[in-house]
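This report refers to the structure that appears directly beneath it.
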Amino acid sequence: MGEYRTLPSEPGRQQRRDEIIAQLALFRRRIALSQRALECNYVAMATFVVTSLLLVATPWLRGGGAPAVATGVFVVGVLLLLIALVLEFWEMHLGLRTVDIEIGGATGNR
């Protein structure tokens, strides 16, 4: 297995270059998905902190709308966690495709 940049352009090596390029594209997508999932998790944590603060501050807030706002913020946090979960499952699926490309190249089942 050679490094992508050092593989000659001859036909036998071109297939390996193509495999590496496909893997790199999948790695980039996987990193982006993981980044989005982490962002969703962090924002979800922030919404749960805001929910807690709103519930604690309810006696001092006027108008009585704090519980409704806290519920809305809580629901947003839960939705963000669900989105993060879906993104991580998608990232794992792409990881399996990356491994399949490598196994196919190593076993000759391209």
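Residue exposure proxy: 10, 88, ordered by other Cβ atoms within 10 angstrom of their Cβ from fewest to most, comes out as 10, 88. Look at the alpha carbon pairs under 8 Å that are at least 6 residues apart: their mean separation over the length of the chain gives a relative contact order of 35 percent.
Between 0 and 90 degrees, the angle of helix 66-107 with respect to the longest Cα principal axis of the chain falls at about 10 degrees.
Listed from fewest to most Cβ neighbours within 10 Å, the set 34, 52 follows the order 52, 34.
Using alpha carbons only, how many degrees (0 to 90, rounded to 10) separate the axis of helix 11-57 from the longest principal axis of the chain? With rounding to tens, the tilt is 10 degrees. Using a Gaussian network model on the chain with a 10 Å cutoff between Cα atoms, which of 43, 56, 86 fluctuates the most? Judging by the Gaussian network model, the answer is 56. The trypsin sites (Lys or Arg not before Pro) found in the range 29-72 that occupy coil by DSSP, while having at most 10 further C-beta atoms within 10 Å, are 62.
Would you please give the FRET efficiency between residue 36 and residue 97, computed as 1/(1 + (r/R0)^6) with r the Cβ-Cβ distance and R0 = 22 Å, to the nearest 0.05?
Working: r = 18 Å, r/R0 = 0.83.
FRET efficiency, residue 36 to residue 97: 0.75.
FYI, it's all coordinate maths here, none of it is from the lab. Not measured: the values here are computed from a predicted model. Note that each Cβ is placed from the backbone with ideal geometry, even for glycine, and that neighbours are counted across all protein chains shown.
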